[in-house]
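The values are calculated or read from the model by the stated rules, or taken from the named source; none is laboratory data. In this text, all values refer to a predicted model and were calculated from it rather than measured experimentally. Ideal geometry is used to build each Cβ from the backbone, glycine not excepted, and the neighbour counts take in all protein chains shown.
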Amino acid sequence: MADSSASTAHGHSAGGHDSTGTTRRDLLDLVAGAGGAMLAGGIAVALIGSMNPAADVLAVSSVEIDLSPIAVGSGITVMWQGKPIFVRHRTEKEITEARDVNLSDLRDPQTDASRVKAGHDQWIILIGICTHLGCIPLGNKPTDMRGEWGGWFCPCHGSQYDTSGRIRKGPAPLDLALPPYAFESDTRIKIG
Amino acid sequence: MAGLHKSDLPNPVLNWIDSRLPIITMMQKEYGVFPTPRNFNYFWNFGALAMVTLVLMIVTGIFLAMNYQPNTGLAFDSVQHIMRDVNYGWLLRYVHQNGASMFFIVTYIHIFRGMYYGSYKAPRELLWILGVVILLLMMATAFMGYVLPWGQMSYWGATVITNLFSAFPGVGKYIVTLLWGGFSVDQPTLNRFFSLHYLLPFVLIGVVFLHVAALHIVGSNNPLGIEPGGPQDTLPFHPYYTAKDSVGICVFLIVWAAFVFFAPNLLGDPNNFIEANPLQTPADIVPEWYFLPYYAILRSVPNKLLGVCMMFGSLLVLLILPWLDTSRVRSCRFRPTYKWFLFAWVISFAVLGYCGMNKPEGIFVILSRVATLYYYAFFLVITPILGKLERPLPLPVSITQSVTGRPLESH
């Protein structure tokens, strides 16, 4: 139409006339598009970022546990950051069995020494979540099944852990995880 | 194959989708080539700005709802949790809180545009009515949203406004009990307000869809108030009005951001930083600024029921405006007398807002009565009479001639 071509032709400067070259409109499209993308990106960062754990959740939670009531050969379960933690006072037999292991037999090889604190090997402290699909293994109560290695037995799919919490049999791929903890005294630990 | 839409899209994947659900063709038609009057001024940006605001309010609202607790013992603290602990929580909250104000600013300007340029007149009556419905839904949503933080003003504002319904004779008391779900504003009220506050914006989306659909049947009005005579009077919506709307949106977001980052509590009430106390009424109960004119109308008369009726009436009278206006001329550009009465109406709305901010004592009583009187007189007396009596200015021959100064060249 004569009118529209007349009105769009005026106002073009460098690079505007040939349709093969880059026009000012291309630059404007690029700048506008980039600006819009930055805005969208900023919005996404704020929205999705808001779904990350809030400051009160992140605030380091620690649990202090008095070990003196835990008799030899028994264990307790405590909560830490929403997870069950097994705290077990191992017998001499359990310690020996944990040490006496050929590392090549283990699916996830770790020495017992690396899983306890030096000088406190009678205490094994583990995150009580089966590394298969997340059930809580049995073994802390005296009436619980312990499996063939006398450690823990997961009732969901039959994973069996030894007295050091290492996976020996069943579908779990990894040893039971260790929480961060430290001995404040011989009878007191702080987890986290 | 029978039933498939004949799609013209070159891309085979898009063509497959479009032939089964022609949303791409629809978008191209309604927002691509849609013939739009070429002479829009910036007043025509405000509908798009309202849509952008609605989307942003829904998005921020959804993420706020992930952390908000609709329990009277936890609500206030959950908002503080959002402000202090949740990542970017402060940003979500301030965007949402100031977005409510922005929503009303753009909507009031959008309504003014409709009134000044006669966009409510035939054949756009239903478009206008849908707009009034949108305004009512916005007000309900905003009212309930303000209750959620459970501050002093949240609680007492809710108490005052829900108590209004007791004015209705006979059934009033039962209506209020039904609204409350109890014998005062309390847990059941908060819970249902949260549910409805989440719901209504999606109802709003539906009504906005109808509003835009109705618009696309009759086409947009324009500052001259005369119908486009042909394609020479229009431009395709894209790229002309997508570009212009983008500019408008940028400016709008700058204004919104100025509030969010530099004055986030400027439009708010300090009383809402105090947790709700059912046993202590604040010295002044005042709604948010966008409700102040209606609050003033409510308090302008000493009779409770009459005040309620006048307040609701002030919104309902908008619905019949297309039939009150007897003028054959749409745009106030060509109505030299009427436009001053319209400006006076805008001033009366602002005066009512100012009265609403203050206690109904002294000068504010007389001021709110005069302003309320003019508010109603404008619609019920001036608009019908002036439409018949006024001598309008001569209308332009065509949009193109008015815009280019040249008569249309013959093809």
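Just a few scattered comments:
- B:LEU367 meets all of the listed conditions (1) farther than 30 Å from B:ILE226 by Cβ; (2) within 25 Å of the chain's Cα centre (by Cα); (3) not aromatic (Phe, Trp, Tyr) but one, namely (2).
- Residue satisfying condition, being more than 21 Å from B:LEU136 (Cβ to Cβ) and away from every other protein chain (no Cβ under 14 Å), within set B:LYS244, B:LYS304: B:LYS304
- Count of segment A:111-165 residues which are under 23 Å from A:LYS190 (Cβ atoms), part of a loop (DSSP other than H, G, I, E, B) and under 21 Å from the mean Cα position of the chain (by Cα): 6
- Among the residues making up segment B:75-101, those that are of a type in the set (D, E, K, R) and either in contact (Cβ under 8 Å) with a residue 24 or more places away in the chain or in a helix (DSSP H, G or I) (or both) are B:ASP77, B:ARG84, B:ARG93.
- Put simply, of B:LEU92, B:LEU164 the only residue that is modelled with pLDDT of 95 or more and buried (at least 18 other Cβ atoms within 10 Å of the Cβ) is B:LEU92.
- Selection from segment A:36-63 of residues that are at pLDDT below 90 and more than 11 Å from every other protein chain (Cβ to nearest Cβ): A:VAL60, A:SER61, A:SER62, A:VAL63
- Some residue of segment B:25-43 being more than 14 Å from chain A (Cβ to nearest Cβ), surrounded by fewer than 16 Cβ atoms within 10 Å (Cβ to Cβ) and among the charged types (D, E, K, R): yes
- Any chance A:ALA98 is of a type in the set (Gly, Ala, Ser), within 30 Å of A:SER164 (Cα to Cα) and in a helix (DSSP H, G or I): yes
- Taken over segment B:296-311, the residue count meeting the criterion of being charged (D, E, K, R) and part of a loop (DSSP other than H, G, I, E, B) is 0.
- Against the numbered list (1) more than 11 Å from chain A (Cβ to nearest Cβ); (2) under 28 Å from B:LEU215 (Cα atoms), B:GLN97 comes up short only at (2).
- Residue in segment A:69-91 that is closer than 29 Å to A:GLN160 by Cα, out of contact with any strand residue (DSSP E or B) (no Cβ under 9 Å at 6 or more places or on another chain) and either in contact (Cβ under 8 Å) with a residue 12 or more places away in the chain or assigned to a strand (DSSP E or B) (or both) present: yes
- Residue in segment B:106-115 that is crowded, with 20+ Cβ neighbours inside 10 Å, hydrophobic (A, V, I, L, M, F, W, C) and within 14 Å of B:LEU49 (Cα to Cα) present: yes
- Every condition in (1) under 30 Å from B:ASN271 (Cβ atoms); (2) touching a Ser or Thr at 6+ places or on another chain (Cβ under 6 Å); (3) among the hydroxyl-bearing types (Ser, Thr, Tyr); (4) more than 14 Å from chain A (Cβ to nearest Cβ) is met by B:TYR68 except one, and the failing one is (4).
- Lone qualifier among B:GLY362, B:GLY387, B:GLY356, B:GLY405 - being on the phi > 0 side of the Ramachandran plot and away from chain A (no Cβ under 14 Å): B:GLY362
- Scanning segment A:17-50 for residues that are part of a loop (DSSP other than H, G, I, E, B) and within 26 Å of B:LEU92 (Cβ to Cβ) yields one hit, A:SER50.
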